[in-house]
1. With +1 on the Cβ of every Lys and Arg and -1 on the Cβ of every Asp and Glu, and nothing else charged, how large is the dipole of the range 175-310 about its Cα centre, in debye rounded to the nearest 20?
2. In percent, how large is the relative contact order of the chain, given Cα pairs closer than 8 Å and 6 or more residues apart?
3. Give me the dipole magnitude in Debye, nearest 20, for the chain about the Cα centre, with unit charges on the beta carbon: positive for Lys and Arg, negative for Asp and Glu.
4. Could you tell me the calculated FRET efficiency between residue 321 and residue 411, based on Cβ-Cβ distance and R0 = 25 angstrom, to the nearest 0.05?
5. Please give the Cα centre distance for the range 309-323 versus the range 55-119, rounded to the nearest Å.
6. For helix 124-144, report the angle its Cα long axis makes with the longest principal axis of the Cα atoms of the chain; keep it between 0 and 90° and round to the nearest 10°.
7. Compute the distance from the alpha-carbon center of the range 200-237 to that of the range 161-187, in whole Å.
8. Would you work out which of 298, 316, 203 lies farthest towards the positive end of the dipole of the chain, given +1 charges on the beta-carbon of Lys and Arg and -1 on that of Asp and Glu, about the Cα centre?
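No lab work stands behind these numbers, since they all come straight from the coordinates. Everything numeric here is computed off the predicted structure, so don't read it as measured data. Because the Cβ atoms are built from the backbone with ideal geometry, glycine has one as well, and the counts that use them run over all protein chains shown.
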Amino acid sequence: MNPPPSEPASTFRQRCTFIIDMARRLHACGTSTPRLEGAVRVLSQRLGVHTEIWCNPTGIILSFSNPAKLDGAEITRVLRLSPGDINLRALAMVDDIAEQVMAGRIDVAAGLQALKVLDEPPSRGRLLATVLSFGLASGSVAALLRTSVADVLAAALIGLLIGAIAVAATARPRLAEAQEAIAALLATLLASAIAVFLVPLSLQTVTIAALIVLMPGLMLTTAVAELSSGNWASGTARFAGASVVLLKLTFGTVAASQLVHALGWQPSTLALQALPAWTEWAGLLVGSAAFAVLFGAAKRDVPIVMAGAWIGYGLTKLGGEVLNLSSEHFAGGVFFAGLGVAALANAYGRLFKRPGALLRVSGIILLVPGSVGFRSLNFVMERDVVLGLDTAVAVLSALIALVAGLLFGNLLVPPRRYL
């Protein structure tokens with residue numbers, strides 16, 4: 001273990017400032033509470049600072065004291081933050097800068113300066129790529145579900161519109177608050193209009209595929225993982241946040257359905273020719289690239305992120321369809337995939353000294369049960385409570401299997417650190 005920087009090289013307050021900035025940026029990258037707190041503890045230990053941290057999805061409390069008592073300073077900081085979004089480029093940069101500071105290759109002041117690169121606003125090209133990736137992700141999910149060509153094109157078109165709304169919402173707080181409801185309303189309305197005036201569609205499939213990026217499946221998975229690790233306050237808050245997102249999506253869909261009924265539209269849902277089997281893998285290829293962009297992966301990491309999605313999807317197929325691990329009582333394929341993804345992600349992190357999240361996040365994105373939770377609430381809103389509860393049980397089963405798989409994977413191959 002490398003010794004912490006000497007006191008003349010970096011003062012106590014400089015080191016505290018660096019730890020605060022690192023914690024804030026890890027939170028902005030969507031890092032879960034156990035991983036964030038663990039990373040801060042390791043960093044603090046290496047920098048010779050005693051740190052107490054408490055974190056939840058909307059804030060961090062940090063208290064510092066100097067074990068050496070050279071200046072007797074004690075600092076407490078309370079940070080009120082917005083819930084973070086996955087940004088793999090920023091996460092990799094933060095991890096690399098922390099490694100350099102802890103190893104003594106750069107001092108704390110240089111580390112703070114290096115972190116400022118992350119404050120640059122996204123370019124127009126990046127924003128355009130984000131909008132395009134919304135459309136590609138939606139279309140690819142429809143292809144993975146083996147629907148018709150019309151369904152894929154409709155989902156991609158609606159996904160582009162939702163992507164434009166999401167980008168616009170980043171600079172408009174009031175729009176951001178209602179983003180999910182507006183997106184669900186427009187998705188359902190446009191899908192119904194296409195089915196009425198242009199071509200028959202599988203309405204529910206198209207709607208879910210169009211809204212897939214906004215589904216809080218990853219948030220639900222993180223919440224259950226936090227609860228299982230004893231972070232009850234953070235896990236409960238995150239679970240409530242994911243539930244609210246599902247409620248907003250459900251409200252938008254139900255409101256649009258009522259509007260369609262009021263307009264007298266009768267959407268045509270005649271079955272069209274299903275896509276051939278090879279389109280499933282084409283959809284996986286396009287979808288993995290789209291999610292790499294949506295997760296903010298750096299160019300050098302795009303192949304790794306895409307590989308994670310392929311590994312997760314392939315392990316699910318292997319566990320569920322080849323090894324027959326799945327049943328109506330246990331999502332064995334999801335458990336097998338979660339275990340494999342976690343172990344491989346940790347092995348990648350240990351071997352290449354980089355965040356395992358580059359593989360892990362993309363590896364589980366197609367496994368998280370956000371769309372199933374959306375269907376459950378839709379059934380309840382339509383007064384089909386029995387079917388809604390049955391679907392909710394399926395959501396919990398998949399969540400438990402996925403989180404258990406991730407926990408066992410971490411046990412099988414321990415992570416390099418916490419990221």
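1. Computed about the Cα centre, the dipole is about 100 debye.
2. Across the chain, relative contact order equals 16 percent.
3. 860
4. With R0 = 25 Å, the Cβ-Cβ based efficiency is 0.45.
5. After rounding, the separation between the Cα centres reads 37 Å.
6. The helix 124-144 is inclined about 50 degrees to the chain.
7. 17
8. 298
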